[in-house]
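Below is one structure, written out as structure tokens; comments come after it.
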Amino acid sequence: MTEPFQFKASDVKVEKRETVFQGFFRMDKLWLTHPRFDGRDMPVFTRELFIRGDATCVLPYDCDRDEVVLLEQFRLGALGRSQSPWLLELVAGMNEDGETPEEVAQREGQEEAGLTFSRLDKICDYLVSPGGSTEMIHLYCGHISTEDAGGLYGMEHEHEDIRAHVVSADEAIAMIHDGRINNAAAIIALQWLELNRSRLREGKQ
């Protein structure tokens, strides 16, 4: 049986690359080739690539109250589907140059929900849509108190309009099972919480 990962980035040859759109986001077009699993070379082909920086997402969790904070806001990508385009999501933001994911987590926690995380537990890093986007998500569980959480937040100059909801962990997990929460970061984080909740509530690292 052949082992996976026999190829590396250096096996990909980019013949040409150009930026075809530069606006709020950027799109590049690439002409490239790479070896095939059967030993032949792939003919040169083109792909469009959505250039988007890495982002950090955090599930705010209160171990004592067994509650999470979820953010409700409008998302253009959900418009036109048979659901509300206002989604329940995690605290999230784009990583700026020179920032660590942990610094982004704390900044966005304040801006989007008025929260400061006493501890950040790493969940995972994952590629959002590697078939056409460069974005990587750095995902965390952030420890908070929900005692005074909730309310309206967001940076008006960035056209953000956010309502922070305090929700029981049971209800949040139920919402991923019945489809009310259907965005990847929230699903992954809440499933991680479902697996690690007892450990967290017992105070174990």
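For this structure, a couple of remarks:
- As a summary of the residue check, T33 satisfies the conditions (1) in contact with an Asp or Glu (Cβ under 9 Å, 6 or more places away or on another chain); (2) farther than 27 Å from D97 by Cα; (3) open to solvent by 60 Å² or more (accessible area, probe 1.4 Å) except for the one numbered (3).
- Qualifying positions in segment 36-62 - at positive phi and either assigned to a strand (DSSP E or B) or in contact with an Asp or Glu (Cβ under 6 Å, 6 or more places away or on another chain) (or both): none
- Taking the listed residues L115, L120, the one that is under 14 Å from D62 (Cα atoms) and in contact with a Pro (Cβ under 7 Å, 6 or more places away or on another chain) is L115, with no other qualifying.
- Every condition in (1) touching a Lys or Arg at 6+ places or on another chain (Cβ under 7 Å); (2) free of Cβ contacts under 8 Å to residues at least 60 places away in the same chain is met by L87 except one, and the failing one is (2).
- Segment 18-30, subset of a type in the set (A, V, I, L, M, F, W, C) and in a strand (DSSP E or B), residue least open to solvent (accessible area, probe 1.4 Å): L30
- Hey, P43 open to solvent by 40 Å² or more (accessible area, probe 1.4 Å), not small (G, A, S) and not assigned by the TED database to the domain that holds W192 or not: yes
- Given (1) outside any strand (DSSP E or B); (2) over 29 Å from L90 (Cα atoms), number of the condition R65 does not satisfy: (2)
Here is a yes/no grid of residues against (1) at pLDDT below 95; (2) touching a strand residue (DSSP E or B) at 6+ places or on another chain (Cβ under 9 Å); (3) under 28 Å from D178 (Cβ atoms):
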residue	(1), (2), (3)
V58	no, yes, yes
C63	no, yes, yes
V69	no, yes, yes
E96	yes, no, no
E102	no, yes, no
E112	no, yes, yes
L139	no, yes, yes
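The values are calculated or read from the model by the stated rules, or taken from the named source; none is laboratory data. Remember, it's a predicted structure, so these values are computed and weren't measured experimentally. Every residue, glycine as well, gets a Cβ built from its backbone with ideal geometry; the counts of neighbours run over all protein chains shown. Side chains included, ligands, DNA and RNA excluded: accessible areas come from the protein's heavy atoms. Shrake-Rupley method; radii C 1.70, N 1.55, O 1.52, S 1.80 Å.
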